[in-house]
Amino acid sequence: MPNDTTLRLVQIANPHDVAPELRQELIGCWIAVTNAGGAAGFPFPPVSQDDVAPIADKLLGRLDPQQSRLLIAQVDGVLAGWVILNRDPYRLVGHWGTVHHLQTHPAFRGRGIGSALVNGLRKIGRDELDLEQLHLAARSGEGLEDFYGRLGWREIGRWPGALRLAPDDTRDEVLMVLTPL
């Protein structure tokens, strides 16, 4: 991260704390990431506001201090990336959380935003939600295993051929864990 910019991580745990401007920035980021080929939940670009807004609204509506957190990264006040951490309410699996939709706006790639978000989630999971581990599923063939591996995650399995992006492009879904936090 260059010295002339300021990275700020902001955690949001209540849907009412998402201002309309931030909602629009989140949707805009998701559109930009997807249309640039990112593996962020919409596998068939191009996507538009009409595609992304209803899904974003569902995610944001589920924010809850005990169950779901949104972590955003801002660089000089501009949204640079975001991620969701969910905790299952059931005691059997309540000791782990699931990471969803990690994304860095294409204009901010290569500046450590994704790493900062993952490290921020790790701290939130450990210190605030008393989690012992984090899980995620990633699309193979995007270099995501290496990215997460550099941050301490390890692959624990795969769903072979789980993701069909095109008739001639079927990918594994890679299951990863980060433990201990």
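The values are calculated or read from the model by the stated rules, or taken from the named source; none is laboratory data. Bear in mind the structure is a predicted one, so any value in this text is a computation, not a measurement. Don't worry about glycine lacking a Cβ; one is built from the backbone with ideal geometry, like all the others, and counts go over all protein chains shown. To get the accessible areas, we keep the full protein, side chains included, count just its heavy atoms, and leave off ligands, DNA and RNA. Shrake-Rupley method; radii C 1.70, N 1.55, O 1.52, S 1.80 Å.
When both residues are 6+ apart or on different chains and their Cβ atoms are under 7 Å apart, which pairs have a first residue that lies in segment 77-90 and is in contact (Cβ under 8 Å) with a residue 40 or more places away in the chain, and a second that is assigned to a strand (DSSP E or B) and charged (D, E, K, R)?
Listed pairs, sorted by first residue: 85/69.
Select from segment 4-41 the residues that are small (Gly, Ala, Ser) and either free of Cβ contacts under 8 Å to residues at least 12 places away in the same chain or surrounded by fewer than 20 Cβ atoms within 10 Å (Cβ to Cβ) (or both) and list them in ascending order. Break it down into steps so the answer makes sense when it comes.
In the first step, residues of segment 4-41 are kept if they are small (Gly, Ala, Ser); the result is 13, 19, 28, 32, 36-41.
Passing the criteria: 13, 19, 28, 32, 36, 37, 41.
Looking at segment 59-99, which of its residues are within 14 Å of residue 9 (Cβ to Cβ) and of a type in the set (Gly, Ala, Ser)?
73, 77, 80, 81
Of everything in segment 42-76, what is open to solvent by 50 Å² or more (accessible area, probe 1.4 Å), closer than 27 Å to residue 126 by Cα and touching a residue at least 60 places away in the same chain (Cβ under 8 Å)? Give them in sequence order.
66
For every residue, the table says whether it meets (1) over 29 Å from residue 164 (Cβ atoms); (2) touching a Ser or Thr at 6+ places or on another chain (Cβ under 9 Å).
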| position | (1), (2) |
| --- | --- |
| 46 | no, yes |
| 52 | no, yes |
| 60 | no, no |
| 65 | yes, no |
| 78 | yes, no |
| 129 | yes, no |
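Scan segment 162-181 for residues that are open to solvent by 40 Å² or more (accessible area, probe 1.4 Å), of a type outside the set (Lys, Arg) and part of a strand (DSSP E or B) and report the count.
7
Of all residues in segment 92-146, count the ones that are open to solvent by less than 60 Å² (accessible area, probe 1.4 Å), within 13 Å of residue 38 (Cα to Cα), of a type in the set (Gly, Ala, Ser) and not in a strand (DSSP E or B).
3
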